[in-house]
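Down below is the structure, laid out as structure tokens.
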Amino acid sequence: MRSNIWRCGAIWSLAVLAALAGSTAAEDAKPAEDQATVQAGRYKKFTDAMNGVTLKGQYSLLGKKESSEEAYEIKSVKKSEDGDYWLFNARIKYGGKDIPMIFPLEVKWAGVAPVIVMDEVTIPGMGTFSCRVVFDDDRYAGNWSHGKAKGHLWGTITKTPPKTEKPSDTKPDAK
């Protein structure tokens, strides 16, 4: 009797697995279009979320208790046609430097969360960096390395307030 119960249990398990495999195969057959739609939605959401924002937070060095402030002003991001790369039009304020630049960054996806991936990327005037930075709604966090220095970074993402132009000292020509 025990072997009959085991056989029924084994058959039931195989039937469930076969049903699940069948539904997965059916889902895998149609996702080409759905995956493209999902990915297009991710790209749009990331573009909308990252255009005209400031990332302001902290970075730390491993082995040190204190952290330092950092800020990244991102004017715009645009998906490149080159694989997973995005063009970031940004201003980086780090280590007493304030550098505007446009540079390509690789963006991967951890589920619905975009993750910047840099492996030994040289940023002109700053050095060579590696990092993994994940974006989650209005927050970012990650790990970084620069040569032998390593640490963490974290902060918030806010819309950059529009810059107001100062009124001109000159008066318009009278006509």
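The values are calculated or read from the model by the stated rules, or taken from the named source; none is laboratory data. In this text the structure is predicted, and so the values were computed from the model without any measurement. FYI the Cβ positions are ideal-geometry reconstructions off the backbone, even for glycines, and counts take in every protein chain you see.
Taken over region 144-160, the criterion of being surrounded by fewer than 14 Cβ atoms within 10 Å (Cβ to Cβ) and part of a strand (DSSP E or B) is satisfied by ALA149, THR156, THR158, LYS159. Among the criteria (1) of a type outside the set (D, E, K, R); (2) in contact with a strand residue (DSSP E or B) (Cβ under 9 Å, 6 or more places away or on another chain); (3) at pLDDT below 50, the one GLY52 does not fulfil is (3). So, in region 122-137, how many residues would count as being at pLDDT 95 or above and of a type outside the set (Ser, Thr, Tyr)? Of the residues in region 122-137, 6 are at pLDDT 95 or above and of a type outside the set (Ser, Thr, Tyr). Only strands (runs of 3 or more DSSP E) whose full extent lies in region 55-132 are considered here, and the ones with at least 2 residues that are over 28 Å from LYS163 (Cα atoms), within 18 Å of the chain's Cα centre (by Cα) and touching a residue at least 40 places away in the same chain (Cβ under 8 Å) are 97-110. Number of residues in region 84-109 that are among the hydrophobic types (A, V, I, L, M, F, W, C) and loosely packed, with under 11 Cβ neighbours inside 10 Å equals 0.
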